[in-house]
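So the structure is just underneath, and the comments pick up after that.
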Amino acid sequence: MRPLVSVIIPVHNKGDYVSRALQSVLDQSYPRLEVLVVDDASRDDSLARVARFDDARIRVLRRECPGPGGYAARNLGIQQARGDWVAFLDADDVWLLDHLDQSMGIAVRYPEIALISAARLLQRGGRQQLDAFAERFMPRGPQVLHLTDYLKQACQGRRAMGTNSVLIKRAALDTHRVFPEGRTQRSGDLYAWVELLARLKYLVWSPHVASVHHGDVIGVSRNNIPSMALFRDMVEDLRAYTTQEDEKWLKIYANQMIKYAWLEQKKKREALPVSALPGAFYWTHGRGYCLKWTMLSLVPFGVLEWLKQHSPAD
């Protein structure tokens, strides 16, 4: 019998989109799946939209208080999942119809690997764009990545994992708390992928397109702020699972994510001490990068915004 896949869809006020997402799961060419719709205290008609689907494969879980980023909702879904694999889909995005079939085919080819990902499409303004990792590696076929491989690519803006494309073998998890609920309001998925790869050791990336992310949809997370502390703590959190080479690249990646979180906080006009950014950096790795951004942090933020508009992204 083919493995059962538990598909987890967290929902918070997504009434305009959840039917589209759910239909894309129910239409999958892969037959053995269950769908866990986790209502994160929605106040719109999201649950009414879900109730219109008469399909025994759907289960609805409810949370009384919404959690930032849907992290607690996804963790609840993992806890209640019955499948051999767990997969995730945001309520305002869609899967391509053969995503699970392709992913389970990869699982057969690489039975020792408990973490699968695939390509993603971003749709914005009527145009679709492949993610940067897929653009580079899709012609080369499946890719097996260790933590350092993933981090090297991520530092170049090519992340091989995204929420809508990831599948995890449930038996390989020692906890249902995959996502860092209570530790950040935003970008906790980027922490989760690194932790999963550190613990599970390998990822296999499949050269099929898993999903379409609708970038024009304004989600709640856009109004939230990522945590500098989460990415600073990431190195110590994962030390027991990393080699010396892993840790070097983990610190380089952490520096980039710390800078990103700092910029997002500045965009929200958060009051931060001058020492916030340099004090969070790992100066032993990427000293030039740390020095550059420490100097830039002294520049008025309005000037930085102007510079970003008139220079290549870093």
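For segment 266-279, the set of residues classified as farther than 19 Å from Y289 by Cα and assigned to a helix (DSSP H, G or I) consists of K267 only.
Going through segment 27-61 one residue at a time, which ones are in a helix (DSSP H, G or I) and surrounded by fewer than 14 Cβ atoms within 10 Å (Cβ to Cβ)?
Across segment 27-61, the qualifying residues are A48, A51.
Here F231 meets each of (1) more than 14 Å from L115 (Cβ to Cβ); (2) outside the structural domain of K266 (by TED's automatic domain parsing); (3) crowded, with 18+ Cβ neighbours inside 10 Å with one exception, condition (2). Could you check, for segment 288-302, whether at least one of its residues is in contact with a Ser or Thr (Cβ under 9 Å, 6 or more places away or on another chain) and in a helix (DSSP H, G or I)? No, because not a single residue in segment 288-302 is in contact with a Ser or Thr (Cβ under 9 Å, 6 or more places away or on another chain) and in a helix (DSSP H, G or I). Of all residues in segment 266-287, those satisfying the criterion of being more than 11 Å from S297 (Cβ to Cβ) and in contact (Cβ under 8 Å) with a residue 40 or more places away in the chain are K268, E270, Y282. In segment 94-115, the qualifying residues are those that are aliphatic (A, V, I, L, M) and in a helix (DSSP H, G or I), and the one that is surrounded by the most Cβ atoms within 10 Å (Cβ to Cβ) is L100.
Can L263 be described as within 23 Å of the chain's Cα centre (by Cα) and either of a type in the set (S, T, N, Q) or in a helix (DSSP H, G or I) (or both)?
yes
Among the residues in segment 187-209, are any in contact with a Gly (Cβ under 7 Å, 6 or more places away or on another chain) and closer than 26 Å to G67 by Cα? Reasoning before the result, please.
Taking segment 187-209 as the starting set, the residues that turn out to be in contact with a Gly (Cβ under 7 Å, 6 or more places away or on another chain) are 188, 207.
The next check asks that each one be closer than 26 Å to G67 by Cα; those that pass are 188.
Scanning segment 187-209, I find at least one residue that is in contact with a Gly (Cβ under 7 Å, 6 or more places away or on another chain) and closer than 26 Å to G67 by Cα, so the answer is yes.
Residue pairs whose Cβ atoms lie under 7 Å apart, separated by 6 or more positions or on different chains, with the first residue in segment 65-84 and assigned by TED's automatic domain parsing to the domain that holds H176 and in a helix (DSSP H, G or I) and the second among the hydrophobic types (A, V, I, L, M, F, W, C) and surrounded by fewer than 20 Cβ atoms within 10 Å (Cβ to Cβ), are L76/L61; G77/L61; Q80/L61.
The values are calculated or read from the model by the stated rules, or taken from the named source; none is laboratory data. The structure displayed is predicted, hence computed values, not measured ones. Cβ: placed from backbone, ideal geometry, glycine included. Neighbour counts: every protein chain shown.
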